[in-house]
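Enquirer: One structure is given below, represented as structure tokens, and several questions about it will come after.
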Amino acid sequence: MVPLKYNIRSLRARKVGSLMTIFGIGMVVWASIFAFGLSSGLDKTLEIAAEPLDVIVLRKGSTSEAVSAVTEKAARDIKALPGIATGSDGQPLAASELVVFAYLPRRGADIKVNVSVRGVDAVSRALRKEMTIVEGRELKPGVREAIVSRAMSNRFQNLGLGDKFKVDGGEFEVVGIFEAGGGAVESEIWTDQRVLAQIAKRTGAMSSLQFRAASVADQERLIERIKNDEQIDLGALTEKQYYAEQAAQSGLIKFVGYIIAFVLTIGAMFAVANTMYGAIASRAREIGTLRALGFGRFSILTAFMLESLLLCLAGAALGCLAALAVNFLLGGIQTGTMNPGTFTEVAFSFDFGPKILLQGIFLAIVMGLIGGFLPAFRAVRMKVVDALREV
């Protein structure tokens, strides 16, 4: 085998070309990590929200709470079913909730988008223990007050502590800021269900009913019972299934991200190939000498492939460090996008975990293998005599 130091010395001898290639690959890996991080961050936001034993009841055929309706009578009947877990007060852990939209302007931009406003009852907080008030206080029942997530407060005007905003003409005051571990609830505004129902003229029917089953067996049984009850005409699914369906509707965003990463990767492969072709053209006599010294074709092929991989791994390290540095300096990158299923804003953070970084490194390895193979193959096909004659 050709010694590794031969490859390293060769890269150092072509500092400018090698550094330019490393920088280019680093930029591609950096951009790809951001594309992968966006997709993973969006998925994690929806996955975090799901409680294993929680069930969401919607109108049959509804794909989201925004287009669903559950009557108060149906909600009462379901809450009375055996198999629903109970709280410390002995009452069933089941909450009737109303979801409407508020059309709010983003901070620093003259753009308004739909934001989910959730009307909640006394049990709603017990179903989402991950929620914590970090500023202000809890909202009071029966009053036009609201609590909002820190992510939404940072992204939208009129959602700071003490600010006021309107929903269907009714004005609400923000009395609390909460965090929820990055889950989907951080894309919502919460207020009292009955107050919101009166303002939105939605009395008599809520958007959904959410409850926690006492066990997995109870969960399965309750879902089937609700689905098969023709009188109430409702459907039920686990909270995990619900958010998985919401995530699937964001597939276009992920597809665009991966297309961008693919196009950049193709460009980087050409850059790697160009660098390696240049290296081989300038080292024809070296290749002939190696062959004359007894190094076989496979050894030379491996050496040039290794050189290509070294370039790409250096670029991958640069890209990963750059992505982590940007994330650190900004204290985490938060953004938002429209949920195609509800046409509302979904706030989420980019994910730069080990899995995402490994995807970037793997991409660089693929670039090195594919971009370096043709130049390396050309090197091993050179005849010894012809190679030694090169000037």
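Where a number appears in this text, it was derived from the coordinates with a stated rule and is not lab data. These figures come from a predicted structure and were not determined experimentally. Methodologically, a virtual Cβ is constructed for each residue, glycine included, from the backbone with ideal geometry; neighbour enumeration extends over all protein chains shown.
Enquirer: Please state the shape class of the range 114-206: rounded when a/c is under 1.5, otherwise prolate if a/b exceeds b/c and oblate if not, all from the C-alpha gyration tensor.
Expert: Verdict is oblate for the range 114-206.
Enquirer: Where both partners of a DSSP beta bridge lie in the range 54-214, what percent of those bridges are antiparallel, to the nearest 5?
Expert: Counting only bridges with both partners in the range 54-214, antiparallel ones make up about 75 percent.
Enquirer: Here is a follow-up. Length gain on complete extension for the stretch Lys15 to Glu245, per 0.36 nm per residue less the alpha carbon to alpha carbon distance?
Expert: Computed gain between Lys15 and Glu245 is 77.8 nm.
Enquirer: Tell me, Met305, Met206, Met20 in order of fewest to most beta-carbon neighbours within 10 Å?
Expert: By the 10 Å Cβ count, ascending, the order reads Met20, Met305, Met206.
Enquirer: Separate question: Suppose the Debye formula is applied to equal point scatterers at every Cα of the range 189-233; what is log10 I(q)/I(0) at q = 0.17 Å⁻¹?
Expert: -0.69
Enquirer: Can you put Leu374, Leu58 in order, fewest other beta carbons within 10 Å first?
Expert: The order, fewest Cβ neighbours first, is Leu374, Leu58.
Enquirer: Filter the cross-link list Lys129/Lys240; Lys60/Lys166; Lys73/Lys201; Lys140/Lys201; Lys44/Lys164; Lys44/Lys166 down to pairs whose alpha-carbon distance in this structure exceeds 23 Å.
Expert: Violating the 23 Å limit, Cα to Cα: Lys60/Lys166; Lys44/Lys164; Lys44/Lys166.
Enquirer: For each of Tyr258, Tyr243, count neighbouring Cβ atoms within 10 Å of the residue's Cβ, then give the residues from fewest to most.
Expert: Listing Tyr258, Tyr243 from fewest to most nearby Cβ atoms yields Tyr258, Tyr243.
Enquirer: Once you list every other residue whose beta carbon is under 13 Å from the beta carbon of Lys112, what net charge do they have if Lys and Arg are +1 and Asp and Glu are -1?
Expert: Counting the neighbours of Lys112, the net charge comes to +2.
Enquirer: Run the simple label-point estimate for Val143 and Ala122 please: 7 Å along Cα→C-beta, distance reported in nm.
Expert: 1.7 nm
Enquirer: Between Asp163 and Phe23, what FRET efficiency comes out of the Förster formula 1/(1 + (r/R0)^6) with R0 = 51 Å and r the beta carbon distance, rounded to 0.05?
Expert: So, using R0 = 51 Å, E works out to roughly 0.70.
Enquirer: With a Förster radius of 22 Å, plug the Cβ-Cβ distance of Asp110 and Glu173 into 1/(1 + (r/R0)^6) and report the FRET value to the nearest 0.05.
Expert: FRET efficiency, Asp110 to Glu173: 0.35.
Enquirer: Mind listing the Cα extents of the range 54-214 along all three principal axes, in Å, largest one first?
Expert: Sorted largest first, the three principal extents are 50, 30, 27 Å.
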